[in-house]
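Heads up, the thing below is written out as structure tokens.
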Amino acid sequence: MNIDNRIILITGAAQRVGRVIALTLAARGAHIAFTYLDDSEPWRQTLAEIRELGAQALALPLNVLYPEQPRQVIEQVIERFGRVDVLVNNASVWLNAPFTEITYEDWRSALDVNLTGPFLCSQAVAPHMLAQGEGVIINITDHSAYQTWPNYAHHAASKAGLVALTRVMAAELAPAVRVNAIAPGTVLLPPNATEAKRRWAEENSLLKRIGSPEDVAKTVAFLIEMDFATGAVYFIDGGRALV
């Protein structure tokens, strides 16, 4: 699938990695719809930046704790653009706590945002993609789906579930709709990250450096264009999974 002139919906793209994905695809000629949680996120700035690249853009609020909202978002995007060619399930929450201290509320939050959200968005868009005869869905997971991360049981469960969902959707929606996942390594440190955290991330990579959001964005572009890829998870981690 060529990226130029395609309609791409990215969840959670007002900032950080999602924003870079949106700008990268807009620069390559796509028209972008993206979601944000609330006005605490710089969605207006991201919207303006996309439009400055010459792309059409639409920003919509989305809180997957309200299960009717994903379908409403899909309907609004189709009303505006007429179709959705690509869905990137990027929105995520990052929670940690010792296993015995995880609250029910935090367990539900991790599962709702990281797994139920992509499920609801994908389920809402899939009939439209099938009717079009083509579509691409890309899920953003991470290493916790494969590695043992103490204090991240709820996060790991949600991301492992997303990997399983990716594979099942790929099987059920083929051949018209391709579904893949990306598992980034450290590509963007949090604003309060210490120098020790940076050094740890660099050392726990075969390439001895951290990546960048652009690495993830380029992989999203690759998976849109690579028509023979489906049902796979792509590690963009500098070899961290092997360390």
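The values are calculated or read from the model by the stated rules, or taken from the named source; none is laboratory data. Keep in mind that this is a model prediction, so the values were computed, not measured. All Cβ positions, even for glycine, are placed from backbone atoms using ideal geometry, and neighbour counts span all protein chains on display.
Couple of notes before you dig in:
- Whenever a residue of the range 140-169 is within 20 Å of Arg16 (Cβ to Cβ), its partners that are among the acidic types (Asp, Glu), lying with C-beta atoms within less than 6 angstrom and at least six residues away or across chains, give the pairs Lys159/Asp142.
- Residue within the range 206-217 that is of a type outside the set (Val, Ile, Thr), closer than 21 Å to Ala145 by Cα and more than 18 Å from the chain's Cα centre (by Cα) present: yes
- Where helices (runs of 4 or more DSSP H) fall wholly inside the range 67-148, the ranges with 2 or more residues that are polar (S, T, N, Q) and within 25 Å of Glu225 (Cβ to Cβ) are 117-132.
- Test set (1) under 16 Å from the mean Cα position of the chain (by Cα); (2) at pLDDT 95 or above; (3) among the hydrophobic types (A, V, I, L, M, F, W, C) - Val168 fails condition number: (1)
- Exclusive hit being surrounded by 16 or more Cβ atoms within 10 Å (Cβ to Cβ) and either under 21 Å from Ile7 (Cβ atoms) or at pLDDT 95 or above (or both), set Pro118, Pro98: Pro118
- Residues that are farther than 11 Å from Trp94 by Cα and small (Gly, Ala, Ser), drawn from the range 154-163: Ala157, Ala160, Gly161
- So Arg199, is it of a type outside the set (Asp, Glu) and assigned to a helix (DSSP H, G or I): yes
- Selection count, the range 76-109, where residues are without any contact (Cβ under 8 Å) to a residue 12 or more places away in the chain and under 27 Å from Glu134 (Cβ atoms): 1
- Residue pairs meeting the criteria (Cβ under 6 Å; at least 6 apart or on separate chains; first surrounded by fewer than 21 Cβ atoms within 10 Å (Cβ to Cβ) and in a loop (DSSP other than H, G, I, E, B), in the range 30-55; second of a type in the set (S, T, N, Q) and modelled with pLDDT of 95 or more): Glu41/Gln15; Pro42/Gln15
- Search result, residues across the range 1-18 that are free of Cβ contacts under 8 Å to residues at least 40 places away in the same chain and either under 17 Å from Leu62 (Cα atoms) or surrounded by 15 or more Cβ atoms within 10 Å (Cβ to Cβ) (or both): Gln15
- Test for Asp227: is it closer than 30 Å to Asp4 by Cα, surrounded by 14 or more Cβ atoms within 10 Å (Cβ to Cβ) and among the acidic types (Asp, Glu): no
- Failed item in (1) over 25 Å from Asn2 (Cβ atoms); (2) within 17 Å of the chain's Cα centre (by Cα); (3) charged (D, E, K, R), with Asp38 passing the rest: (2)
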